[in-house]
Amino acid sequence: MRILIIGALSGPLEEAARIARAQNEAVDHATTLDTALVALRRNGSINVVFCELPHDISTMVRALAAERIFVPVVACGIDVNPDIAADAIRAGAREYLPLPPSADMIAELLTAVSLQQVNFVVQDRAMLDVLKLADRIARAEASVLITGESGTGKEMVARHLHRASRRSAGPFVALNCAAIPENLLESELFGHEKGAFSGALARRIGKFESANGGTLLLDEIGEMDINLQSKLLRALQEREIERLGGNAPVKIDVRILAATNRDLAADAAAGRFRDDLYFRLNVIRLHLPPLRDRPADIAALADHFAHKYAELNGLPHRRLTVDAYRLLENHAWRGNVRELENCIHRAVLLSVGDIIGPDAIELAGPQSHRVASAREEALGLVGMRVEEVERDLILQTLSHTLGNRTRAAVMLGISIRALRNKLRDYSAQGLAVPPPVSGIAA
């Protein structure tokens, strides 16, 4: 992970930088908001910004939004007054880091911001076979298409490929093609020159240039507009890009990984995805099995998440009971590992005593082993219109994720853009839409 620290690099803030470097994180430094923006324009591989108070958090967040730079901001301050932290969060900070920090605090904060697990937790043979194949191809230069349902760990596998590759010393840059508005995605990929379009206040380096010498992950590649696919194909074939508003090609040296939960072969056959781009990306394919087909991983992952979220919330570690394991193993897990993680996080917070029992586990939808109940529930939908069933499912899932739009979209198997459009329509109809929780992706 690459961190940009804004402020005077001395005292407690310097200690934060030292701790981050000791944890093998890359640290960049800027003394002002203006110089920080220059650094962010030049380096698209920065993952998080630590901004020292009293720098104006709201000004920084607005500036990032104006330039379409999607990087979370963490406010840092010596004052531990909870009102100060609350003000920083309201101003747009993702988290508040009291100074001086501890090593554990830095590690936990970076985990919370990145939402990435550090290591694989795998016991099932189906997933072990995938990782074995990943190790065999990691040092190759060929493009890799990583497929699987949402929440199965495609980005983690991509990061594993990068760490095991000959490019591991270079940057790993990930771009979610569904999270960026279509009219801005081209700029995110290729960069732009000052004045290229309204809001282009300065030259900005795109993800291709940011990943030069390393690896670029194009996540949810199936959501990319077909017109932009032709420009992406040209970049892959010619190994050069041209910034928006630019007049000279820029050579690139990047290994491409692509991930999708869609059937790209079917999309290509139907004309929704370019055949030539599909074959260019699908040199090697890694398919991640859904969690329901990896039963041996369920208990191991549940234990991992129970320990992780107990530590993260300052709670005692509680073991899961046999009945709790049985309940988890019989669930369908439509949202895969992300759904399981969310479920165990809730269970950690709701549990009392020394154990996590089935009463603390809330599961969305019918249990896979309760066939009769599932059938009865399906019959209860007869007479409802399809859009009514879809509306109820979306709102119930959003409520289950505590208003977290990103996780709800993952569980539903739709893009965040599609989910937001649906919610906007529901609000316009006067329906109650669960609001996002402060500090959680909306």
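The values are calculated or read from the model by the stated rules, or taken from the named source; none is laboratory data. Everything numeric here is computed off the predicted structure, so don't read it as measured data. Positions of Cβ are backbone-derived with ideal geometry, glycine not excepted, and every protein chain shown enters the neighbour counts.
List of remarks:
- Listed by position, the helices (runs of 4 or more DSSP H) inside the stretch 230-320 whose residues that are in contact with an Asp or Glu (Cβ under 6 Å, 6 or more places away or on another chain) number at least 3 are 295-312.
- Any pair with Cβ under 8 angstrom, 6 or more apart, that starts in the stretch 265-283 at a residue that is without any contact (Cβ under 8 Å) to a residue 24 or more places away in the chain and ends at one that is exposed (fewer than 14 other Cβ atoms within 10 Å of the Cβ) and of a type in the set (Asp, Glu): 268/275
- Residues being under 21 Å from the mean Cα position of the chain (by Cα), part of a helix (DSSP H, G or I) and modelled with pLDDT of 90 or more are entirely absent from the stretch 109-122.
- Residue-level check: of (1) assigned by TED's automatic domain parsing to the domain that holds residue 210; (2) closer than 28 Å to residue 173 by Cβ, residue 269 misses just (2).
- Screening residue 418 with (1) modelled with pLDDT of 85 or more; (2) within 21 Å of residue 155 (Cβ to Cβ); (3) surrounded by fewer than 17 Cβ atoms within 10 Å (Cβ to Cβ) gives one miss only, at (1).
- Filter result for residue 65 (under 19 Å from the mean Cα position of the chain (by Cα) and without any contact (Cβ under 8 Å) to a residue 12 or more places away in the chain): yes
- Boolean, residue 157 is in contact with a Leu (Cβ under 8 Å, 6 or more places away or on another chain), in contact (Cβ under 8 Å) with a residue 24 or more places away in the chain, not in a loop (DSSP other than H, G, I, E, B) and not basic (Lys, Arg): yes
- Within the stretch 382-407, if we keep just the residues that are part of a helix (DSSP H, G or I) and touching a Pro at 6+ places or on another chain (Cβ under 9 Å), the residue that is surrounded by the fewest Cβ atoms within 10 Å (Cβ to Cβ) turns out to be 399.
- Scanning the stretch 1-24 for residues that are hydrophobic (A, V, I, L, M, F, W, C) and surrounded by fewer than 15 Cβ atoms within 10 Å (Cβ to Cβ), we see that the one that is nearest to residue 39 (Cα to Cα) is 8.
- Count - residues of the stretch 36-56 that are modelled with pLDDT under 80 and crowded, with 19+ Cβ neighbours inside 10 Å: 3
- Taken as a whole, the structure leaves residue 25 outside the set of residues that are acidic (Asp, Glu), outside the structural domain of residue 194 (by TED's automatic domain parsing) and modelled with pLDDT of 85 or more.
- Residues satisfying the stated conditions in the stretch 206-254, i.e. in contact (Cβ under 8 Å) with a residue 60 or more places away in the chain and of a type in the set (Ser, Thr, Tyr): 210
- For the stretch 131-149, taking the residues that are touching a helix residue (DSSP H, G or I) at 6+ places or on another chain (Cβ under 9 Å) and modelled with pLDDT under 90, the one that is surrounded by the most Cβ atoms within 10 Å (Cβ to Cβ) is identified as 131.
- For the residues 179, 235, 268, the requirement of being closer than 27 Å to residue 421 by Cα and at pLDDT 90 or above singles out 268.
- Filtered residues of the stretch 75-101 (kept if at pLDDT below 80, in a loop (DSSP other than H, G, I, E, B) and among the β-branched types (Val, Ile, Thr)): 80
- Restricting the stretch 304-343 to residues that are of a type outside the set (A, V, I, L, M, F, W, C) and in contact with a strand residue (DSSP E or B) (Cβ under 7 Å, 6 or more places away or on another chain), the residue that is surrounded by the fewest Cβ atoms within 10 Å (Cβ to Cβ) is 319.
- Of all the criteria given as (1) outside any helix (DSSP H, G or I); (2) of a type in the set (Gly, Ala, Ser); (3) at pLDDT 85 or above, the one not satisfied by residue 368 is (3).
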